[in-house]
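So the structure is just underneath, and the comments pick up after that.
Please treat every number below as a calculation from the coordinates, not as lab data. Because the structure is predicted, anything quoted here is derived from the model rather than measured. In this analysis, Cβ positions are derived from the backbone assuming ideal geometry, glycine residues included, and neighbour counts consider all displayed protein chains.
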Amino acid sequence: METQVIRIDPDDIDAAAISRAGEILRSGGLVAFPTETVYGLGGDALNPDSSRKIYAAKGRPSDNPLIVHIADLEHLPAITRGFPTAAGRLAEACWPGPLTMILKKSDAVPPETTGGLDTVAVRMPSHPVAAALIAAEGGYIAAPSANVSGRPSPTKASHVIEDLSGRIDMIIDGGDTDIGLESTIVDFTEDIPVILRPGYISRRMLEDVLGAVRVDPGIREGADAERVRPKAPGMKYRHYAPRAELFIVEGAPGDVAAKINSLAAAAAAEGRRTGVIASEETRGNYAADTVYAVGSREDELAIARHLFGVLRQFDDDGVDVIYSESFNTPEIGAAIMNRLLKAAGHRVITA
Ligand code: AMP
Ligand code: MG
């Protein structure tokens, strides 16, 4: 299949191009598009064939459900059964934005889209290209991240081209994504809302709106996650992994640099190419084949924005082993570390 790549300026949306993309979706095709979190791989959420195609294009296990993207709250009742008051308050506070809610699904949503579950994940993205595309499609776009299953999520159109060119109908290049981590997922089918995936909308922000919030044990159990029955099926799969082996090194900053340098020297002595993930402040402390700074420790948004791109960059560099600093930043550190720990297969070394 030939994949069309088109460029759409988010500040000056080409209505004719969006309408062509919407037509592809309505006729059962797949279009990758930018959102404020990461690039999504979109299909018609109400068409089981489209969802099957999404799984096939990504090589994604079919029990890992998709998120349905809407652009208008009026479209919510058709795909859900009931909308708890608390969910309404959160929608008011966070939509459009990087928040996904798990709700009971209506019969309009085929089981192919929800991995066979009787719940549906719904998000209303704020990216203008995403919003325009959803409207052009007619209201409901199922979209997981637009990467091959297991690889870091795409934050640039070039990442999508790398992974999905030849497998989908169209890729819309709308520039780099702003947040760089996938949406926060909150489950509203329990008595107390449960965070299934941390993201830019932090636990504190959720508690401000909702009061009590629980965190799914699967998020924190780390290497034991397989033993906890995951609520979100996707939580059990390996994610975001670069081709190299990745280790997180934790401890006092000076100790971390010393430990990473000695590990990197030992790996280099075995003939392996080494990489380091550092911050702007500490990048100069390292000796390795490739050292990338994800951002300043003073700017956690920059760290989030660059993380997946840096993980992909190591693949291009042909690095064999990567050592990363830890990034437990105040507000979205939980989300950053969730992705980094998964990418590392939860391998953590204490300096
Ligand atoms: P991705 O779009 O790649 O970020 O993946 C979507 C994530 O949403 C996966 O981790 C899913 O497990 C999760 N998800 C989607 N639908 C549901 C649902 N009905 N219940 C729980 N988690 C869901
Ligand atoms: Mg994904």
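Some values worked out for this structure:
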{"item": "Distant-in-sequence amide H partners of V276 (H built 1.01 Å from N, under 5 Å)", "result": "T290, V291, Y292, Y323"}
{"item": "Total charge dipole magnitude, the chain, about the Cα centre, Cβ charges on Lys, Arg, Asp, Glu only, Debye to nearest 20", "result": "1000 debye"}
{"item": "Between 0 and 90°, nearest 10: helix 15-26 axis offset from the chain longest Cα axis", "result": "80 degrees"}
{"item": "The chain - percent relative contact order, Cα under 8 Å, separation 6 or more", "result": "19 percent"}
{"item": "Crossing angle, helix 253-269 versus the chain [Cα axis fit, 0-90 degrees, rounded to tens]", "result": "80 degrees"}
{"item": "Taking H69, H159 and counting other C-beta atoms within 10 Å, the order from fewest to most", "result": "H159, H69"}
{"item": "The chain: angle of helix 48-58 to the longest principal axis, Cα-based, in degrees nearest 10", "result": "10 degrees"}
{"item": "Hydrodynamic radius by Kirkwood, which averages 1/r over all alpha carbon pairs of the range 1-64, in angstrom", "result": "12.9 Å"}
{"item": "Choice from A335, A157, A108 with maximal GNM fluctuation in the chain (Cα, 10 Å cutoff)", "result": "A108"}
{"item": "Relative contact order [Cα under 8 Å, 6+ residues apart], the range 1-52, whole percent", "result": "22 percent"}
{"item": "Above-threshold pairs, the threshold being 29 Å between Cα atoms, out of K156/K342; K58/K259; K53/K342", "result": "K58/K259"}
{"item": "Per-selection Kirkwood Rh - the chain (Cα, Å, 1 d.p.)", "result": "20.6 Å"}
{"item": "The range 23-139: radius of gyration and largest Cα-Cα distance (Dmax), Å", "result": "13.3, 37"}
{"item": "Two-decimal Rg/Rh across the range 100-161, once Rg and the Kirkwood Rh are taken from alpha-carbon atoms", "result": "0.99"}
{"item": "Burial order of peptide ranges 252-262, 309-319 (average beta-carbon count within 10 Å, highest first)", "result": "309-319, 252-262"}
{"item": "Cut-off under 5 Å, modelled amide H: who pairs with Q4 long-range", "result": "M170, I171"}
{"item": "Rounded Å value of the spacing that divides the Cα centres of the range 72-151 and the range 262-289", "result": "42 Å"}
{"item": "Value in Å of the Kirkwood radius, where the range 240-295 supplies the Cα pairs that are averaged", "result": "11.7 Å"}
{"item": "The chain: calculated mean residue ellipticity at 222 nm from DSSP helix runs of at least 4, using -39500 (n - 2.57)", "result": "-9500 deg cm²/dmol"}
{"item": "Formal net charge of residues neighbouring K58 (Cβ-Cβ distance under 11 Å; K, R +1; D, E -1)", "result": "+3"}
